[in-house]
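Reviewing the structure listed below.
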Amino acid sequence: MDIIKEKNGRREISLTAVARLLFKKVWIIIIAAVIGGAALFIWTRTMVSPTYKAAATLYISNASESAEPRNITTNDLNASMMLMYTCSTILRSEETMQGVIAASGVDYDAETLQQMVQVSEIENTNILVVSVTAGNPEEAAMLANTVADLAPGLMKRVEAGASVKVFSEAKVPDKRSSPSNSKAVLLGVVIGTFLSVMAILIMEIFDTRIKEQDVLSLGAPLLGVLQLEKGNSKKRKKDETTHKSKEGGIQKEPRSIEENVIFSLPESQCKKILLAGILPGDEICTATAHLAAGLASCNYSVLLMDCDLRHQKIAEVSGLHNKPGVSNMLIGQLPIENCIQHYGADLNVITSGTPSPNPEDLLSSEKMMNLLKEVETSYEYVLLNTEPIREKEVQESLYKYVKNIIITVHLGITRKDILRGQLEKFKAMGCRIIGLIVVSDREL
């Protein structure tokens, strides 16, 4: 799913494509969110030390404690509010912290204690809240009450007319103030969701493998999609990908692929076709065997030649003997008649033969050219199974004799950039790209 599209010469992010991608991967996002929430919850419970907060409240006014009772005026309230900032500053001063340390006997320095003490104002009131955060709940309450008890004397030294009264004493907290389990879980969920979304988008942007929505825009005609049979073993799924009949023969797929090939090559003479793949996982052997079986079932005379002289793929798929085969003919040991094995009325097969350490030399030899000239007089279709395109020397040795190319691509494995680059190389060499056969491990 391409989330970055070309539009008017500019690359733009498609929000619709992003939404579809994230919806498709929503299960990953959910799992990541759950894991993130659980991980941060466990971390806060086991790795983060709990803290407790205790608070005492002070009432600030400008009426002296020694003065006779009288009504509090608006001027008194305004003056008291002016005193609140002064009181807040004094209560967090180093001198006050030293007094608290001396009175309580705690083993903190003044700077550390300043970080533990907070003084805040309750809006629209003359009340200050002195809160202390500590790792011990009893210590937090004791320190808050000590600061509150020292406040009246400290303020009188600065402002004789100031009145500071303890409105409420700090109580020992029965619950920790941090870390919060609910906040930790929520933060973990947010982090897990964000990281999973970013990972999905980054992987999608840099993932150039061919996907289902790409099959019609790969730069060559689509001949058909070949679905692999789900075997019981990994080897069967990867290597033995063509279906077998009860007798061990190759069973053809529906005729759409072979019909497209037939209409793509209307000429009457023998049609030599080379099937190539980018990577070993592109199942070249699978596509070659299916196409050969399909063409033979349409009453065409077909010869399947295994030119992958290193791996014996066709012999493994069909159950035929691998020797004698192509390599044995090219080194002059046997004539072609002794190497052809029969499948049905029209499908003939020449396996790869004895494995060759230098297949490029054999396939580029004059004997190979003569062999192709010989078989084209007897067959309507000659299909050549080859090694992956990355075996450059082997491929180029065959391109001299066979110009009709069918490329197999494996959904989810073959990369678009490599495929497009190879298509350009084929065209530069004068090859004719008949089309692509897409191989898929699942039903589309």
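General observations
- Residue match in segment 211-219 (condition: over 30 Å from Glu139 (Cα atoms), surrounded by 15 or more Cβ atoms within 10 Å (Cβ to Cβ) and modelled with pLDDT of 75 or more): no
- Residue in segment 50-58 that is part of a loop (DSSP other than H, G, I, E, B), surrounded by 13 or more Cβ atoms within 10 Å (Cβ to Cβ) and modelled with pLDDT of 70 or more present: yes
- Residue in segment 310-336 that is farthest from Thr354 (Cα to Cα), counting only those that are more than 45 Å from the chain's Cα centre (by Cα) and of a type in the set (S, T, N, Q): Gln333
- Elements of type strands (runs of 3 or more DSSP E) in segment 107-174, at least 3 residues being at pLDDT 90 or above and within 17 Å of Thr89 (Cα to Cα): 117-121, 127-134
- Condition met for Thr414 (crowded, with 18+ Cβ neighbours inside 10 Å and either closer than 19 Å to Gly294 by Cα or touching a Pro at 6+ places or on another chain (Cβ under 8 Å) (or both)): no
- Verdict on Pro324 being loosely packed, with under 14 Cβ neighbours inside 10 Å and either in contact with a helix residue (DSSP H, G or I) (Cβ under 8 Å, 6 or more places away or on another chain) or part of a loop (DSSP other than H, G, I, E, B) (or both): no
- Here Ser80 meets the list (1) surrounded by 13 or more Cβ atoms within 10 Å (Cβ to Cβ); (2) modelled with pLDDT of 90 or more; (3) small (Gly, Ala, Ser) almost entirely, failing just condition (2).
- Members of segment 340-363 that are within 22 Å of Tyr379 (Cβ to Cβ) and surrounded by fewer than 23 Cβ atoms within 10 Å (Cβ to Cβ): Ile340, Gln341, His342, Tyr343, Gly344, Ala345, Asp346, Asn348, Leu362
- Residue ID - farthest from Ala102 (Cα to Cα), chosen from residues in segment 127-150 that are β-branched (Val, Ile, Thr) and in contact with an Asp or Glu (Cβ under 9 Å, 6 or more places away or on another chain): Ile127
- Options Ile314, Ile340: the member that is among the hydrophobic types (A, V, I, L, M, F, W, C), free of Cβ contacts under 8 Å to residues at least 40 places away in the same chain and out of contact with any Pro (no Cβ under 8 Å at 6 or more places or on another chain): Ile340
- Taking each residue of segment 255-278 that is surrounded by fewer than 22 Cβ atoms within 10 Å (Cβ to Cβ) and looking for partners that are part of a helix (DSSP H, G or I) and at pLDDT 80 or above with beta-carbon atoms closer than 6 Å, six or more apart or interchain, yields Arg255/Gly294.
The values are calculated or read from the model by the stated rules, or taken from the named source; none is laboratory data. Nothing here was measured: the structure is a model prediction, and the numbers come from that model. Don't worry about glycine lacking a Cβ; one is built from the backbone with ideal geometry, like all the others, and counts go over all protein chains shown.
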